[in-house]
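Below is one structure, written out as structure tokens; the observations come after it.
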Amino acid sequence: MERGAKMARNGVSLSGIERTFSPDEIIVSKTDLQGRLTYVNDIFMDVAGYSESELIGKPHSIIRHPDMPQAVFRLLWATIREGREIFAYVNNRARNGDHYWVLAHITPNHAADGTLAGYHSNRRVPGRGAIARVEPLYQRMRQAERAAPDPETGMAAAAAILNEALAHERMSYDEFVLSL
């Protein structure tokens, strides 16, 4: 294994190399209600390193980086399932083990009858200052998740760390994300 690389749970080596994309590009994807990809744009495929046929029908979590706190995804899913939008900083994993940070804007899609039909995500290149602020917080959260005796206890501990940080900042997660 390459120096600085580590192994993700699914057997993919993490390269430790960060990818990026142009600030004028937007990664776009759509999913069904279960989070299975129904649409990906060319920028998504280029940055993530997958073909369309490798992505459509797969869970969006195919690009989940193991260093992302599960508690952030729990917050994200709870928000969009309530029919509300959310902004989040997310560290994703490309097919070859590289990683890339995004500022994600996830919105629910509604059918003509008003029922929830799926989700739409636009992701942009985040500012380096924002990553410098969010990365240490996410690291503390992920450490708490890994140190816990079970996933639920870990997510509760990570959520407590996030809530404490937000209370210190006197803002909600959305406000925190948009303030960076």
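The values are calculated or read from the model by the stated rules, or taken from the named source; none is laboratory data. Please read these numbers as outputs of a predicted model, since none were measured by experiment. Glycine also receives a Cβ, built like all others from the backbone with ideal geometry; neighbour counts cover every protein chain displayed. Keep in mind that these areas ignore ligands, DNA and RNA; they rest on the heavy atoms of the full protein, side chains included. Shrake-Rupley method; radii C 1.70, N 1.55, O 1.52, S 1.80 Å.
Key figures for this structure:
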quantity: Of residues in the range 83-134 being part of a helix (DSSP H, G or I) and of a type outside the set (D, E, K, R), the one nearest to residue 47 (Cα to Cα); calculated: 131
quantity: Search result, residues across the range 69-85 that are surrounded by 21 or more Cβ atoms within 10 Å (Cβ to Cβ) and either among the polar types (S, T, N, Q) or modelled with pLDDT of 95 or more (or both); calculated: 69, 71, 72
quantity: Residues located in the range 47-82, provided they are acidic (Asp, Glu) and in a loop (DSSP other than H, G, I, E, B); calculated: 67, 82
quantity: Given (1) surrounded by 18 or more Cβ atoms within 10 Å (Cβ to Cβ); (2) among the hydrophobic types (A, V, I, L, M, F, W, C); (3) closer than 19 Å to residue 88 by Cα; (4) touching a Leu at 6+ places or on another chain (Cβ under 8 Å), index of the condition residue 62 fails; calculated: (1)
quantity: Search result, residues across the range 133-151 that are open to solvent by 60 Å² or more (accessible area, probe 1.4 Å) and hydrophobic (A, V, I, L, M, F, W, C); calculated: 147
quantity: Positions within the range 157-173 being out of contact with any Ser or Thr (no Cβ under 7 Å at 6 or more places or on another chain) and surrounded by 15 or more Cβ atoms within 10 Å (Cβ to Cβ), in sequence order; calculated: 157, 158, 159, 161, 162, 165, 173
quantity: Test: residue in the range 61-81 that is among the acidic types (Asp, Glu) and more than 11 Å from the chain's Cα centre (by Cα); calculated: no
